[in-house]
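See below for the structure under consideration.
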Amino acid sequence: MDKPKSIPIGFFLAAVLMVGLGLAVLTRHGRWDPTERPRTFSWPALGTVAEFSPRGWDGAAARDGVAAVFREVETNLSVFVAESAVSRLNRGETVRVATNSPLAEVLCLALKTAEASGGAFDPTVNPLMRAWGFRGGTPSVPSPTALSNALGRVGWRQITLVPDANGMLRVSAGGAELDLGAIAKGYAVDRAYDALVANGHTDFLLNLGGNIRVRGSPERGRADWNVAVRDPSGRHPPSPLPRPLKNGEAVATSGSYERFVEIDGRRYSHIIDPRTGVPVDNGLGSVTVIAPSAMLADAYSTTLFVLGRKAGLSFLKGRPGCTAVFCEP
Ligand code: AMP
Ligand code: MG
């Protein structure tokens, strides 16, 4: 009988390496299970519902990271958290923050949007929100005096951000009252998105109260995400966006149907026109904006809801990657 030939150790190691690599590739491409429905984690956050849907991977641990980011943004920016930077500014304090802090990043886009929209978007609408009863008490139409007092306290130009010698910013509200509710949720989604990407995650959807951002693929063999928009009246099923979302894109919807107060049987939208002090009533039910980031989509959908269709479309001109959908009530 022939003596069995010995296999050179180098050949043996190369074979093990190749099988291992092959298995790794198979696992990467075989991880999508076509019979498995995407798993969506959902929980309350920033006064609304947060959703995180990892596609083709187990996101249980990553979900905790997303929740932590949302909590951090809320602790910094919510008007409902007494010790948030926003509440401290509203009490007249000057707040010192880093240039990459939630307050500085959100204020930067909020003030730019306020200027570009001629004040249709204004992060200092809080006195008007209070006057109409969105901050507690019984909602009522404010008297002309109460309305003009509230209007007199609204004005984004009063906010100042001054760099100090240590590369920090000194922020003051200058007597105005901040309300970042039109932009903070989009910002929170972007922060969570960046954290997931930095941790190497590729395929997922994030949704914070209608502020959505997608990454990678929704399922095996598909690159685009089909996202639907709710009908403002709730009478019709959700309708699809004019185009699917691509990797990294975001979408947000602002509408009168989601939050409102009812006064004498009439509904008043939670989005107020800072130029008149009156809740927006321009014949629109909702505006949806697709944009390259969730913070842009959030800021712009609120802006376009105030501006209306014609002025809204001209606002979007020259803003690459942005598309708007206007819905009747
Ligand atoms: P959104 O749902 O993103 O459209 O934001 C609406 C929220 O933004 C409201 O509940 C208010 O807190 C705030 N807000 C209302 N009107 C305005 C406005 N004209 N500009 C900026 N923020 C506003
Ligand atoms: Mg918004």
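The values are calculated or read from the model by the stated rules, or taken from the named source; none is laboratory data. Not measured: the values here are computed from a predicted model. Note that each Cβ is placed from the backbone with ideal geometry, even for glycine, and that neighbours are counted across all protein chains shown. Just so you know, the surface numbers come from the protein's heavy atoms only, side chains and all, with ligands and any DNA or RNA stripped out. Shrake-Rupley method; radii C 1.70, N 1.55, O 1.52, S 1.80 Å.
A few comments on the model shown:
- Subset of region 121-134 [within 16 Å of ligand 2 (Cβ to nearest atom) and either open to solvent by 30 Å² or more (accessible area, probe 1.4 Å) or under 16 Å from ILE159 (Cα atoms) (or both)]: PHE121, ASP122, PRO123, THR124, VAL125, ASN126, PHE134
- Within region 136-149, the set of residues being loosely packed, with under 14 Cβ neighbours inside 10 Å and within 15 Å of ligand 1 (Cβ to nearest atom) comprises just one member, GLY136.
- Scanning region 73-88 for residues that are of a type outside the set (S, T, N, Q), part of a helix (DSSP H, G or I) and open to solvent by 20 Å² or more (accessible area, probe 1.4 Å) gives GLU74, ARG88.
- Across region 51-68, a minimum of one residue is classified as hydroxyl-bearing (Ser, Thr, Tyr), modelled with pLDDT of 95 or more, open to solvent by less than 30 Å² (accessible area, probe 1.4 Å) and within 30 Å of LEU304 (Cβ to Cβ).
- Answer residue from region 125-141, given it is in contact (Cβ under 8 Å) with a residue 60 or more places away in the chain and not hydrophobic (A, V, I, L, M, F, W, C) and is nearest to GLU93 (Cα to Cα) among those: GLY133
- Entirely in region 150-209, the strands (runs of 3 or more DSSP E) that have 2 or more residues that are within 16 Å of ligand 1 (Cβ to nearest atom) and open to solvent by less than 50 Å² (accessible area, probe 1.4 Å): 204-208
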